[in-house]
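The structure appears right after this line, and notes come after that.
The values are calculated or read from the model by the stated rules, or taken from the named source; none is laboratory data. Being a predicted model, the structure only gives us computed values, none of them experimental. Please note: Cβ atoms are built from the backbone with ideal geometry, for glycine as well, and neighbour counts cover all protein chains shown. In case anyone asks, the SASA skips ligands and DNA or RNA and just uses the protein heavy atoms, side chains included. Shrake-Rupley method; radii C 1.70, N 1.55, O 1.52, S 1.80 Å.
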Amino acid sequence: MNLPRILSKLFRRHGDLPGDVEVQDLRAAFASRYHNFKLLLTANNKALEIMSELEMALEGGRPFGMSFVKSRCTAVSVNVFRIIKHLDELAPKKYTELYNRFKTIEARVQSDLTARQVHLRTDELVLPLQKIDKNMSDQVGNKMANIGELRNEVGIPVPGGFVITAAAYEAFMRFNDLQIEIDRRSQAATTERIDELLTLSSDIQQVIMRAPVPERLEKEIIDAYQLLEAEMQPGIKVSMRSSALGEDAAGTSFAGQFRSELNVSQENLIHAYKTIVASKYGLPAITYRLARGIPDEEVLMCVGCMAMVDAYAGGVMYSRNPLNFRDKGIVINSVWGLPKAVVDGTVDSDLFTVSRTSPKTIVHKAISKKEIEFRCFPDEGVCRNELIGPKATEQSISDEQAVDLAEIAVRLEEYYGHPQDIEWAVDPDGSILILQCRPLQQLNETELTGNPKSGVNTEGIESKLAGGVTASPGVACGHAYIVRNDADKLQFPEGAVLVTAQSLPRWAPLLSSAVAVITELGGVAGHLANVAREFGVPAIFGLTRATEILNNGDLVTVDAESRRVYPGRIDALLSEASVRKNLMAGSPVFEILKKVTRHITPLHLLDPDSPDFRPKKCETLHDITRYCHEKSVHEMFSFGKEHHFSERSSKQLVCHVPMQWWIINLDDGFREDVKGKYVALENIVSIPMLAIWEGVIAVPWEGPPPVDAGGFMSVLMQATSNPALDPTMRSPYAARNYFMLSKHFCSLTSRFGFHFSTVEALVGDRASENYISFSFKGGAADLQRKVKRAIFVGQILEQWGFRTEIKEDNAFARLEGFDADYMKSRLKIIGYLIIHTRQLDMVMSNDNSVMKYRKRIVDDITNHVLTDMSTVEDQPNEPASPS
């Protein structure tokens with residue numbers, strides 16, 4: 001008897017009966033163990049759910065960011081620690097080695113999570129363009145490193161200026177503890193919902209805009225501007241552009257995802273700087289990083305400040321055709337005024353295609369009607385002017401300027417060694433200035449679909465829309481959804497065709513959900529077109545009246561290569577479509593997740609009977625959960641074995657079965673409180689106990705089998721050699737049967753004659769918590785026959801899904817993780833077997849008798865015990881022959 005039991009009897013309250021005190025002790029012990037067991041299973045289920053999320057993230061193509069990786073790693077660690085803690089509560093000091101294993105594994109996870117931290121080479125906050133080249137991309141970002149290279153090494157004209165560096169960004173963030181607050185908010189958001197991302201984006205940007213810039217940083221920005229002012233002219237305005245680390249790198253353009261502030265005065269430099277830093281957390285940038293698997297921590301925001309060019313014409317050119325790697329022509333897109341109209345997709349641009357061979361000639365020219373232009377305000381900012389008269393239809397640059405631009409494009413491609421995407425402007429004096437240069441995202445042969453070689457015949461199929469330009473090739477089918485504003489954007493359905501008036505960068509967040517894009521305005525040089533190609537989303541731009549002709553919900557097939565939109569689903573075209581890119585595979589975030597999951601999801605501890613099934617062999621968090629779950633069930637199973645009670649602490653069951661059954665209510669197993677010594681079956685609500693009882697009474701017992709001579713002599717020898725079988729002595733083999741129960745739990749200790757069996761079961765609504773443990777031993781015959789009877793019982797249980805183990809004359813069986821109805825059906829089988837396997841050990845030497853009784857038992861279970869069960873699972877498996 002343990003110390004609490006002794007103390008409770010020494011200090012018993014006046015009026016407490018001995019049986020009452022014993023019941024209180026049992027209830028307290030059960031409540032504590034059951035509470036910790038349920039908490040452990042809850043933590044176990046949550047840990048396994050998170051592990052499943054991690055595995056699905058690695059297998060699927062859905063975007064996720066570092067906030068997902070960090071939050072899931074934190075959550076799984078928290079739940080595994082809870083599992084260990086609750087196991088320690090179940091069995092104090094028995095499994096303490098698990099704490100050390102957990103600390104070791106957790107340290108490995110954290111090491112992999114922090115392995116890719118950016119380390120800055122310098123603490124300089126501002127650098128002039130004169131000091132910058134392409135080797136400084138980790139300090140000033142790729143965009144400004146390329147501008148510095150063009151100015152200082154290639155000799156290409158660029159505006160003068162300076163860069164606010166990555167070190168400045170770090171100083172600003174550190175000064176205000178911004179990263180901690182951003183991480184906290186990001187981990188709490190649901191990245192699958194665009195409305196939550198929009199709220200997150202707005203909240204973070206406001207936090208950044210309210211944060212002060214460190215005094216030293218502000219002074220160095222103003223000083224750098226004043227040096228530029230002295231070099232150029234008093235009161236010069238600047239353009240301020242993002243140049244984040246990783247931006248404009250090969251494969252990750254970040255096209256149009258960050259803010260640019262044009263024509264900024266000295267008074268607004270700091271505000272404009274914070275606006276661009278905050279744009280790192282704009283909705284387009286957040287969704288882009290998620291889709292490309294780029295960690296937030298690796299995108300340090302540098303800002304380039306260059307003298308503003310009040311361009312009379314500008315645009316974007318490609319040193320090769322971005323839509324066809326076989327086309328070597330130089331493609332130039334041009335508009336009146338600032339190139340903003342091209343990159344924003346707000347106007348149809350002039351298109352020039354120039355030959356690569358010398359002398360360069362224009363091989364194709366298409367002059368569009370350009371209805372607007374952007375120009376610099378005299379004071380600050382930019383204005384949008386409507387173009388009227390002949391200027392709208394005139395070409396925005398001369399043929400000679402187009403050839404000059406082509407020469408620059410070829411020169412830049414030769415210098416960098418691969419095709420280039422170049423933003424340019426022509427100043428009022430007619431000089432060409434390069435504003436930006438980055439690697440061109442060019443489609444390869446495997447990404448070109450729907451070409452004439454495919455052999456798909458669409459003759460006779462009338463298109464709903466035709467024309468425009470192919471912004472991104474491919475074929476896709478979906479329901480049209482027209483987006484005119486942010487409210488529409490928030491309602492955009494997964495797998496729809498995005499239809500909009502302009503190809504604005506603000507629609508880029510929808511490309512992860514859209515199957516295709518259709519716009520009325522815009523060209524192949526715009527930011528949205530770049531991102532569509534990067535994401536592999538078919539897109540047709542410049543389809544006039546698309547928002548009038550198409551309606552929300554229209555099922556359409558978009559063939560971007562032929563620039564046609566067909567009504568309905570055209571399977572012949574769709575069969576030619578390429579598989580959409582998995583942008584996450586191989587990305588930095590994806591690789592980090594692959595590394596950390598090595599310490600989380602693999603399972604090495606498979607066999608509980610193996611000598612390696614111990615804490616020291618836990619190599620992953622999954623191993624710990626597996627080990628703890630196995631041991632927690634074992635500790636819970638042992639409740640009935642470790643806690644005994646006397647008849648005076650129990651109620652006798654009133655029933656018509658000619659045996660004595662004693663009940664103790666551990667918690668809520670009775671419908672109502674019972675006074676006196678007896679309890680009626682109608683007053684019991686314990687789910688597992690009632691299921692066992694249904695099996696007990698399902699088929700009347702016909703009595704012991706006929707005993708042959710060998711069986712009789714075996715019983716006689718046992719009876720004379722085992723004093724416990726003396727009917728005059730108080731014996732553990734007396735026909736007494738004890739239930740400890742609550743509504744969902746039951747522990748049965750059953751003794752019938754020479755046989756002893758125990759059942760522990762937990763049955764409720766949560767399948768993952770449900771379990772049955774059954775043991776059977778004893779008998780009146782010799783050991784050999786008792787062993788055969790144990791094997792016989794084990795084989796019967798295996799036929800209905802139990803895992804069994806035989807140790808001499810002991811049969812052990814276990815079942816877990818099924819729903820309540822399934823578990824109740826198996827408890828019925830156990831109830832039946834407890835009654836109907838009595839004294840079968842006496843016929844175990846006769847194979848014919850064994851076969852006969854096996855058939856009878858299987859028939860009884862199938863036709864009587866499980867009469868209300870009709871599923872396939874309730875049909876027995878083919879048994880093995882007894883040995």
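Spatial offset of segment 455-516 relative to segment 743-813 amounts to 63 Å, using the alpha carbon center of each. Take TRP701: with every protein chain present and a 1.4 Å probe, its accessible area is about 90 Å².
Residue by residue, segment 818-832 carries 3J(HN,Hα) couplings of 9, 6, 4, 4, 5, 5, 4, 4, 6, 5, 4, 4, 5, x, 4 Hz when phi is fed to the Karplus relation 6.51 cos²θ - 1.76 cosθ + 1.60 (θ = phi - 60°); x denotes Gly or Pro. With 0.36 nm allotted per residue and the present C-alpha distance subtracted, the THR357-GLU371 stretch has 1.7 nm of extension available.
For VAL363, VAL140, the ranking by accessible surface with the largest value first comes to VAL363, VAL140, using a 1.4 Å probe. The reciprocal of the average 1/r between distinct C-alpha atoms defines the Kirkwood hydrodynamic radius, which for segment 304-434 equals 15.1 Å. With protein chains left intact and a 1.4 Å probe, residues in segment 506-584 average 34 Å² of accessible area per residue.
Go through 845-855, 760-770 and give me the packing order, highest mean Cβ count within 10 Å leading.
Details: 845-855: 14.5, 760-770: 20.0.
Output ranking for 845-855, 760-770: 760-770, 845-855.
So what's the projected area for segment 268-312, the Cα convex hull averaged over all directions, in nm²?
4.5 nm²
These residues, SER32, SER137, SER750, go from largest to smallest accessible area, 1.4 Å probe, as SER32, SER137, SER750.
Within segment 201-358, the proportion of Cα pairs with more than 19 Å between them is 64 percent.
Please list, or write none, the aspartates and glutamates whose alpha carbon is within less than 17 Å of the alpha carbon of LYS391, excluding same-chain residues fewer than 8 places away. List returned: ASP348, ASP350, GLU371, GLU373, ASP399.
With Cα atoms as the point set, segment 158-219 shows a radius of gyration and Dmax of 14.8, 44 Å. For GLU53, the accessible area of its heavy atoms, probed at 1.4 Å with every protein chain present, is near 60 square angstrom.
Taken along its three principal axes, the alpha carbon spread of segment 150-194 comes to 49, 29, 14 Å, from the longest extent down to the shortest. Ignoring ligands, DNA and RNA, what percent of the accessible area of segment 31-171 is carbon or sulfur (1.4 Å)? Summing carbon and sulfur atoms, their accessible area is 48 percent of the total for segment 31-171. Across the cross-link table entries LYS70/LYS103; LYS46/LYS85; LYS143/LYS365, which are compared at the Cα atoms, the separations over 24 Å belong to LYS143/LYS365. Per-residue surface analysis assigns MET209 an accessible area of about 60 Å², computed on protein heavy atoms at 1.4 Å probe radius. Close amide H contacts of ILE684 (hydrogens built in the peptide plane, cut-off under 5 Å, sequence separation of 5 or more or a different chain): ARG671. Accessible surface area normalised per residue over segment 55-112 is 48 Å², counting heavy atoms of protein chains with a 1.4 Å rolling probe. Solvent-accessible surface of protein heavy atoms, probed at 1.4 angstrom with all chains present, puts SER632, SER358 in the order SER358, SER632, largest first.
Taking 23 Å as the straight-line reach from the Cα of LYS786, the lysines in range (excluding those fewer than 8 positions away in the same chain) are LYS641, LYS777, LYS807, LYS852, LYS855. For segment 508-570, the dipole from Cβ point charges (+1 on Lys and Arg, -1 on Asp and Glu) about the Cα centre works out to 80 debye, to the nearest 20.
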